[in-house]
Amino acid sequence: MKRNNVETIIEGNRVIYKRYFDAPVALAFEAWSSHEHLSQWWGPDGFTITTKSLDFSNNGIWDFIMHGPDGHDYRNRIQFTDIKKPHYIHYKHLGDGEGDTDVHFHSKITFEEAGEGTNLTMEQIFPTKEELERVNKKYGAVEGGKQHIGNLAKYLDTLKGKK
(Lines give C-alpha, C1' and ligand atoms only; values in the text may rest on other atoms or scores of the structure.)
Protein backbone atom coordinates (compact mmCIF):
# COMPACT_ATOMS: atom_id res chain seq x y z
CA MET A 1 0.00 0.00 0.00
CA LYS A 2 1.23 3.48 -0.80
CA ARG A 3 2.61 5.58 2.02
CA ASN A 4 1.45 9.19 2.36
CA ASN A 5 -0.70 8.82 -0.74
CA VAL A 6 -4.26 7.69 -1.38
CA GLU A 7 -4.61 5.00 -4.02
CA THR A 8 -8.01 5.31 -5.69
CA ILE A 9 -9.66 2.62 -7.79
CA ILE A 10 -13.01 3.07 -9.58
CA GLU A 11 -14.73 -0.13 -10.67
CA GLY A 12 -18.27 0.27 -12.01
CA ASN A 13 -20.41 1.41 -9.07
CA ARG A 14 -17.56 1.20 -6.50
CA VAL A 15 -14.81 3.53 -5.38
CA ILE A 16 -11.99 2.02 -3.35
CA TYR A 17 -9.52 4.18 -1.44
CA LYS A 18 -6.36 2.68 0.08
CA ARG A 19 -3.78 4.32 2.28
CA TYR A 20 -1.09 3.42 4.80
CA PHE A 21 -1.11 5.35 8.11
CA ASP A 22 1.86 5.57 10.44
CA ALA A 23 -0.44 4.88 13.40
CA PRO A 24 -1.51 1.68 15.12
CA VAL A 25 -4.78 0.01 14.12
CA ALA A 26 -6.39 0.76 17.51
CA LEU A 27 -5.74 4.50 17.08
CA ALA A 28 -6.92 4.59 13.46
CA PHE A 29 -10.13 2.76 14.44
CA GLU A 30 -10.68 5.05 17.44
CA ALA A 31 -10.60 8.12 15.16
CA TRP A 32 -13.81 6.82 13.52
CA SER A 33 -15.65 6.02 16.75
CA SER A 34 -16.55 9.26 18.56
CA HIS A 35 -17.83 12.70 17.61
CA GLU A 36 -14.87 14.28 19.42
CA HIS A 37 -12.52 12.59 16.96
CA LEU A 38 -14.76 12.80 13.90
CA SER A 39 -15.26 16.55 14.33
CA GLN A 40 -11.50 17.03 13.91
CA TRP A 41 -11.09 15.39 10.50
CA TRP A 42 -14.31 14.15 8.82
CA GLY A 43 -14.98 15.37 5.31
CA PRO A 44 -13.19 17.03 2.44
CA ASP A 45 -10.85 20.01 2.82
CA GLY A 46 -12.50 23.11 4.28
CA PHE A 47 -15.52 21.29 5.74
CA THR A 48 -16.48 21.18 9.41
CA ILE A 49 -19.16 19.07 11.04
CA THR A 50 -21.72 19.36 13.79
CA THR A 51 -22.92 16.09 15.28
CA LYS A 52 -26.56 16.08 16.33
CA SER A 53 -26.38 12.51 17.68
CA LEU A 54 -24.04 9.54 17.40
CA ASP A 55 -24.71 5.94 18.37
CA PHE A 56 -21.53 4.10 17.33
CA SER A 57 -22.93 0.57 17.55
CA ASN A 58 -24.42 -2.01 15.20
CA ASN A 59 -27.58 -0.44 13.73
CA GLY A 60 -26.77 2.85 15.49
CA ILE A 61 -27.34 6.17 13.72
CA TRP A 62 -24.99 9.12 13.28
CA ASP A 63 -26.93 12.30 12.45
CA PHE A 64 -24.71 15.24 11.50
CA ILE A 65 -24.38 18.37 9.40
CA MET A 66 -21.39 19.05 7.17
CA HIS A 67 -20.69 22.77 6.85
CA GLY A 68 -19.13 23.53 3.46
CA PRO A 69 -16.51 26.21 2.88
CA ASP A 70 -19.11 27.89 0.61
CA GLY A 71 -21.43 28.35 3.62
CA HIS A 72 -23.85 25.59 2.55
CA ASP A 73 -24.94 23.01 5.14
CA TYR A 74 -25.29 19.37 4.09
CA ARG A 75 -27.43 17.15 6.34
CA ASN A 76 -26.24 13.55 6.63
CA ARG A 77 -27.41 10.37 8.30
CA ILE A 78 -25.35 7.22 8.58
CA GLN A 79 -26.46 3.86 9.94
CA PHE A 80 -23.69 1.58 11.19
CA THR A 81 -24.55 -1.91 9.96
CA ASP A 82 -21.59 -3.95 11.21
CA ILE A 83 -18.76 -2.92 13.52
CA LYS A 84 -15.98 -5.22 14.67
CA LYS A 85 -13.41 -3.34 16.73
CA PRO A 86 -10.66 -2.74 15.57
CA HIS A 87 -11.02 -4.59 12.26
CA TYR A 88 -13.81 -2.95 10.30
CA ILE A 89 -16.76 -0.56 10.16
CA HIS A 90 -19.60 -1.00 7.67
CA TYR A 91 -22.28 1.63 7.26
CA LYS A 92 -25.08 2.87 5.03
CA HIS A 93 -25.22 6.53 4.09
CA LEU A 94 -28.95 7.24 4.34
CA GLY A 95 -28.89 10.63 2.65
CA ASP A 96 -30.21 13.88 3.99
CA GLY A 97 -33.98 13.37 3.97
CA GLU A 98 -34.52 15.87 1.14
CA GLY A 99 -36.15 13.59 -1.45
CA ASP A 100 -34.63 12.56 -4.76
CA THR A 101 -31.40 14.49 -4.16
CA ASP A 102 -30.41 12.09 -1.39
CA VAL A 103 -27.08 10.35 -1.71
CA HIS A 104 -27.28 6.66 -0.78
CA PHE A 105 -24.32 4.29 -0.68
CA HIS A 106 -22.69 1.64 1.49
CA SER A 107 -19.20 1.98 2.93
CA LYS A 108 -16.82 -0.67 4.18
CA ILE A 109 -13.78 0.54 6.10
CA THR A 110 -11.15 -2.09 6.88
CA PHE A 111 -8.18 -1.62 9.23
CA GLU A 112 -5.23 -4.02 8.80
CA GLU A 113 -2.03 -4.11 10.82
CA ALA A 114 1.06 -3.29 8.78
CA GLY A 115 4.04 -3.44 11.12
CA GLU A 116 3.43 -0.63 13.60
CA GLY A 117 1.10 1.13 11.17
CA THR A 118 -2.27 0.57 9.53
CA ASN A 119 -3.40 -0.21 6.01
CA LEU A 120 -6.85 1.30 5.59
CA THR A 121 -9.23 0.40 2.79
CA MET A 122 -12.43 2.41 2.35
CA GLU A 123 -14.87 1.08 -0.22
CA GLN A 124 -17.96 3.04 -1.25
CA ILE A 125 -20.62 1.07 -3.11
CA PHE A 126 -23.33 3.00 -4.97
CA PRO A 127 -26.56 1.46 -6.29
CA THR A 128 -25.38 1.89 -9.91
CA LYS A 129 -22.43 3.18 -11.91
CA GLU A 130 -24.67 6.05 -13.09
CA GLU A 131 -25.45 7.05 -9.50
CA LEU A 132 -21.74 7.13 -8.65
CA GLU A 133 -21.15 9.32 -11.72
CA ARG A 134 -24.04 11.65 -10.74
CA VAL A 135 -22.77 12.06 -7.18
CA ASN A 136 -19.21 12.57 -8.37
CA LYS A 137 -20.27 15.21 -10.91
CA LYS A 138 -22.56 17.06 -8.47
CA TYR A 139 -20.47 16.84 -5.29
CA GLY A 140 -16.93 15.89 -6.41
CA ALA A 141 -17.27 12.69 -4.41
CA VAL A 142 -14.11 10.93 -5.56
CA GLU A 143 -11.80 13.89 -4.91
CA GLY A 144 -13.69 14.52 -1.66
CA GLY A 145 -13.00 10.94 -0.61
CA LYS A 146 -9.28 11.41 -1.26
CA GLN A 147 -9.27 14.60 0.82
CA HIS A 148 -11.31 12.85 3.54
CA ILE A 149 -8.63 10.13 3.90
CA GLY A 150 -5.88 12.78 3.74
CA ASN A 151 -7.53 14.70 6.59
CA LEU A 152 -7.64 11.50 8.65
CA ALA A 153 -3.89 11.10 8.09
CA LYS A 154 -3.21 14.65 9.29
CA TYR A 155 -5.38 14.10 12.36
CA LEU A 156 -3.69 10.80 13.24
CA ASP A 157 -0.33 12.58 13.01
CA THR A 158 -1.51 15.15 15.57
CA LEU A 159 -2.71 12.38 17.87
CA LYS A 160 0.73 10.82 17.69
CA GLY A 161 2.38 14.18 18.48
CA LYS A 162 3.63 14.88 14.97
CA LYS A 163 3.32 18.32 13.46
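Residues that are under 13 Å from the mean Cα position of the chain (by Cα) and more than 20 Å from Ala28 (Cα to Cα) within segment 65-78 comprise Met66, Asn76, Arg77, listed in sequence order.
Among the residues of segment 124-141 satisfying the criterion of being closer than 20 Å to Ile49 by Cβ and surrounded by 16 or more Cβ atoms within 10 Å (Cβ to Cβ), which is nearest to the chain's Cα centre (by Cα)? Before you say what the answer is, go through the steps one by one.
We begin by selecting, within segment 124-141, every residue closer than 20 Å to Ile49 by Cβ; these are 124, 135, 138-141.
Checking which are surrounded by 16 or more Cβ atoms within 10 Å (Cβ to Cβ) leaves us with 124, 135, 141.
Details: Gln124: 9, Val135: 15, Ala141: 11 Å.
Of everything passing the filter in segment 124-141, Gln124 is nearest to the chain's Cα centre (by Cα).
Take the conditions (1) modelled with pLDDT of 95 or more; (2) of a type outside the set (A, V, I, L, M, F, W, C); (3) under 24 Å from Ile10 (Cα atoms); (4) outside any loop (DSSP other than H, G, I, E, B); Arg134 misses just one of them, which is (1).
A single member of Phe47, Phe80 is of a type in the set (A, V, I, L, M, F, W, C) and under 19 Å from Val135 (Cβ atoms), and it is Phe47.
Could we say that Val142 is hydrophobic (A, V, I, L, M, F, W, C) and not in a loop (DSSP other than H, G, I, E, B) here? Before the answer, list the steps.
Working: hydrophobic (A, V, I, L, M, F, W, C): yes; not in a loop (DSSP other than H, G, I, E, B): yes.
It is true that Val142 is hydrophobic (A, V, I, L, M, F, W, C) and not in a loop (DSSP other than H, G, I, E, B).
Taking segment 64-99 as the range and being of a type in the set (D, E, K, R) and either more than 26 Å from Phe111 (Cβ to Cβ) or touching a strand residue (DSSP E or B) at 6+ places or on another chain (Cβ under 6 Å) (or both) as the test, the residues that pass are Asp70, Asp73, Arg75, Arg77, Asp82, Lys92, Asp96, Glu98.
Might you let me know whether segment 124-132 holds any residue that is basic (Lys, Arg) and farther than 29 Å from Asp22 by Cβ? Give the steps one after another, and end with the answer.
Initially, segment 124-132 is screened for residues basic (Lys, Arg), giving 129.
So of that shortlist, the ones also farther than 29 Å from Asp22 by Cβ come out as 129.
Yes, segment 124-132 contains a residue that is basic (Lys, Arg) and farther than 29 Å from Asp22 by Cβ.
Are any of the residues in segment 83-97 of a type in the set (Gly, Ala, Ser) and either touching a helix residue (DSSP H, G or I) at 6+ places or on another chain (Cβ under 6 Å) or at pLDDT below 95 (or both)? Checked segment 83-97: at least one residue is of a type in the set (Gly, Ala, Ser) and either touching a helix residue (DSSP H, G or I) at 6+ places or on another chain (Cβ under 6 Å) or at pLDDT below 95 (or both). The residue that is surrounded by the most Cβ atoms within 10 Å (Cβ to Cβ), counting only those in segment 105-123 that are over 14 Å from the mean Cα position of the chain (by Cα) and in contact (Cβ under 8 Å) with a residue 12 or more places away in the chain, is Thr118.
The values are calculated or read from the model by the stated rules, or taken from the named source; none is laboratory data. Predicted model only: the values in this text are computed from it and were never measured. Glycine gets a Cβ as well: all are built from the backbone with ideal geometry, and neighbour counts include every protein chain shown.
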